[in-house]
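Only one structure is covered here, and it is reproduced in the block below.
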Amino acid sequence: MRATPPAELDVLVVGAGFSGLYSLHRLRTLGRTVHVIEGDDDLGGVWYRNRYPGARCDIESVDYCYSFDDTIVQEWTWTERYPAQPEILRYINFVADRLDLRSGITFDTRVTALHWDDEAALWRVTTDQGDRLVARHVVMASGQLSTPQLPAIEGIADFAGTLAHTGDWPREGVELTGRRVGVIGTGSSGVQAVPQLAKQAGHLTVFQRTAHYAIPARNRELDPAYVADLKARFQEYRDIARHHPGGTHRHIGTESALDVDPAALEETFHGLWERGGPDILAAYRDFRTDEKAAEKAGDFVKQRIREIVEDPATAEKLCPRGYPFGSKRLVLEIDYYTTFNRDNVELVDVADDPITRVEGNAVVLASGARHELDVLVTATGFDALTGPLFAIDVRGVGGRTLPEAWADGPRTFLGIGTHGFPNLYVVAGAGSPSVLSNMLISIEQHVEWITDFIEYQYKNGITRAEVDTEAQDRWTQEVYDVAEPTLFMKGNSWYVGANVPGKPRVFMLYLGGVGHYRDVCDQVAADDYAGFTLN
Ligand code: NA7
């Protein structure tokens, strides 16, 4: 049975994924009345919904986990280098059970409106189940890549077969055996799903508009001795990641790829290719800023694709073009390129011959070509970062909505708060390192900072905390200044909102580094939260 949320709260947390669960635990520990509202019927957030075949994290399991409770660290043992979705979901449930978190969550309920009452200094909250409650503070733990983006293709909603989005995969699964399956989208989700779908489908058609750079994950079972060693020194291990630019342990090269002798460069690339994982991104200092340097890595990957894929025409189509290496998210692959050597897999390039409509059970291209399917999988990504926030009618001071305040792109202080929306905190959202870091490092840092800030307010009799416009302008400029010289600005990716029609083209993440960002946040706290007006 659905648990009715309390009518009055110190803190409402929206979402029961990694961020929401830790927020709940920490605020409880601090003695606050806190409750989580979750739209789904169970916890896990994106790891509950992204249950498509092949779904896996592209950060290593030993890094993609909580560190705040050493008992949990010691009790849980990861089995694979890159954890698959079922193992991550088991982990989240293990933590929730261990800390008795379910009792603080209302499931199957969506927050539909958050209206700020300036006189009472609290948020008035409405849900789709008819709940009305008030909360002094609201923590948005609603995710970054949690609002699935459906392609604007005429007739797709009326597809005559089974339609499934990777980001909201049907709980009951999808019957694939022997069927004609099509996949639209070849980003991380599509690349992960394709090899698994190919094994089950009678025939698989992959509709590719943009080829992404993909590097072997070289996933493997973890050596128990390695895991035991890490556990024995976990906090020390984790501390390195906390202060690392990406929140990981990746080596960051200091040389320019343009200064290195071609044979040495080739050797380095081969070593990284064999080791697997995304380390190639940071192998040289100029991969993020110099197109000619990045091209060296791009050329290396294209050579590997041409070696792996037997049909030369298919290999050429799979070679990325038109954007610099690293300017879109680097994809980790397991058997992706080899899958195109199977007889039941066909690659259809829809860059020049786009999908115009779906008619009955057929995907129809501009040329008139028709692809008849039983199952159509959309691996078309998410309305990233702002999507989950805009899905709620958030009205701040004077009734101003969040989409109005962010009409030209997100404007925040530290990514955490925004002027005109007092006592509202976003975990790992736009304006912070977020999805360009190890999310678990960023989530823990944000949850700890935000909950400390809330506690500071209670201790000091403060009921209203609002970001100053000056601090917000400065931070928004800083986010822009750091991103501007990078190649990220040249990739038409979801990082800049390019995948959502009408979304402002702004780079939404802070690229100044996780360690530096932590220092900035800590300094703000040490300065009694300078940048916020506290009443
Ligand atoms: P992405 O990375 O946004 O990829 C979406 C893919 O869908 C991408 O290849 C798009 O091509 C493609 N797409 C979208 N609309 C269409 C239409 N209309 N026709 C053809 N192709 C289309 O989403 P993912 O879910 O793979 O990954 C998102 C993140 O989740 C990932 O980076 C990880 O951090 C986890 P396009 O590139 O726009 O040409």
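Shape analysis of the chain yields a ratio of the Cα radius of gyration to the Kirkwood radius, Rg/Rh, of 0.96.
Take every DSSP beta bridge whose two residues both sit in region 121-213; close to 45 percent of them are antiparallel. Taking amide H as placed 1.01 Å from N in the peptide plane, the amide H of Ser432 sits under 5 Å from that of Tyr510, each at least 5 places away or on another chain. Amide H contacts of Thr112: Thr126, Thr127, Asp128, each under 5 Å away and 5 or more positions distant or on a separate chain (H built 1.01 Å from N in the peptide plane; Pro and chain starts excluded). At a Cα cut-off below 20 Å, give the lysines reachable from Lys296, other chains included and same-chain residues fewer than 8 away excluded. The qualifying lysines are Lys317, Lys328, Lys490.
Taking amide H as placed 1.01 Å from N in the peptide plane, the amide H of Leu376 sits under 5 Å from that of Thr162, Leu163, Ala164, Gly182, each at least 5 places away or on another chain.
How high is the relative contact order of region 227-313, given as a whole-number percent (alpha carbon pairs under 8 Å, six or more residues apart)?
Details: 54 pairs, mean separation 22.0, N = 87.
For region 227-313, the relative contact order is 25 percent.
Report the equivalent ellipsoid semi-axes for region 101-232 in whole Å, largest first, defined as the square roots of five times the eigenvalues of the gyration tensor built from alpha carbon atoms.
Details: eigenvalues 284, 141, 47 Å².
Equivalent ellipsoid of region 101-232: 38, 27, 15 Å, largest first.
Take Arg342: with every protein chain present and a 1.4 Å probe, its accessible area is about 90 Å². Taking a ≥ b ≥ c as the square roots of the eigenvalues of the alpha carbon gyration tensor, region 391-535 is oblate, as a/c is not under 1.5 and a/b does not beat b/c.
Residue-wise HN-Hα couplings along region 460-465, as the Karplus relation 6.51 cos²θ - 1.76 cosθ + 1.60 with θ = phi - 60° gives them from phi, are 9, x, 8, 10, 9, 10 Hz; Gly and Pro carry x.
For Asp118, what is the net charge nearby, where nearby means another residue's Cβ is under 15 Å from its Cβ and Lys, Arg count +1, Asp, Glu -1? Working shown, then result.
Values: positive: Arg124, Arg136, Arg395, Arg400, Arg464; negative: Asp117, Glu119, Glu466.
Net charge in that neighbourhood comes out at +2.
Note down the relative contact order for region 306-411 as a percent, whole number, built from C-alpha pairs under 8 angstrom at least six residues apart.
Numbers: 60 pairs, mean separation 13.2, N = 106.
About 12 percent, as a whole number.
Calculate, for Val397 and Asp519, the FRET efficiency according to 1/(1 + (r/R0)^6) with r their C-beta to C-beta distance and R0 41 Å; round to the nearest 0.05. Calculated transfer efficiency: 0.85.
One Cα centroid belongs to region 315-364, the other to region 372-408; the line between them spans 26 Å. For region 336-441, the fraction of alpha-carbon pairs lying more than 17 Å apart is 69 percent, rounded to a whole number.
Taking Lys and Arg as +1 and Asp and Glu as -1, the other residues whose beta-carbon sits under 12 Å from that of Ser19 total -2. When the square roots of the Cα gyration tensor eigenvalues are ordered a ≥ b ≥ c, the ratio a/c for region 34-101 is 1.5 or more and a/b does not exceed b/c, which makes its shape oblate.
To the nearest 500 deg cm²/dmol, what mean residue ellipticity at 222 nm is calculated for the chain from DSSP H runs of n ≥ 4 alone, each contributing -39,500 (n - 2.57), summed and divided by the residues?
Values: 16 runs with 167 residues, N = 535.
Computed ellipticity for the chain at 222 nm equals -9500 deg cm²/dmol.
Going 7 Å from the Cα of Glu478 along its beta-carbon direction, which residues of region 505-535 have the amide nitrogen within less than 15 Å of the resulting point? Counting only backbone N, you get 509-532.
Each label point was placed 7 Å from the Cα along the Cα-to-Cβ direction; for Asp117 and Gln235 their separation is 4.3 nm.
Given R₀ = 22 Å, FRET efficiency for Ser256-Asp299 by Cβ-Cβ distance, to 0.05? Please report the intermediate quantities before stating the final value.
On the way: r = 16 Å, r/R0 = 0.73.
The pair Ser256/Asp299 has a calculated efficiency of 0.85.
Does region 318-369 come out rounded, prolate or oblate, given a ≥ b ≥ c as the square roots of the eigenvalues of its C-alpha gyration tensor, rounded meaning a/c under 1.5 and, failing that, prolate meaning a/b above b/c?
Working: a/c = 2.52, a/b = 1.42, b/c = 1.77.
Oblate, because a/c is 1.5 or more while a/b does not exceed b/c.
Each residue of region 154-165 is assigned a 3J(HN,Hα), and the resulting list reads 3, x, 5, 5, 9, 3, 6, x, 8, 10, 9, 9 Hz, derived from the Karplus form 6.51 cos²θ - 1.76 cosθ + 1.60 (θ = phi - 60°), x at Gly and Pro.
Compared with the direct C-alpha span, the chain from Glu274 to Ala228 gains 14.1 nm at full extension, assuming 0.36 nm per residue. If Lys and Arg each add +1 and Asp and Glu each add -1, what is the summed charge of the other residues whose beta carbon sits under 12 Å from the beta carbon of Asn361? Combined, the nearby Lys, Arg, Asp and Glu give -1.
Here the relative contact order of the chain, from alpha carbon pairs under 8 Å that lie six or more residues apart, stands at 20 percent. Taking the DSSP bridge list for the chain and keeping only pairs wholly inside it, about 40 percent are antiparallel.
A simple rule links phi to the HN-Hα coupling: the Karplus curve 6.51 cos²θ - 1.76 cosθ + 1.60 with θ = phi - 60°, which for region 504-509 gives x, 7, 9, 6, 9, 10 Hz, with x for Gly and Pro. Note on Lys199: accessible area is roughly 120 Å² with a 1.4 Å probe, heavy atoms of protein only.
The values are calculated or read from the model by the stated rules, or taken from the named source; none is laboratory data. Quantities reported herein were computed from a predicted structural model and do not represent experimental measurements. Here Cβ is always computed from backbone atoms with ideal geometry, including for glycine, and neighbour counts include all displayed protein chains. Surface accessibility is based on the protein's heavy atoms, side chains included, excluding ligands, DNA and RNA. Shrake-Rupley method; radii C 1.70, N 1.55, O 1.52, S 1.80 Å.
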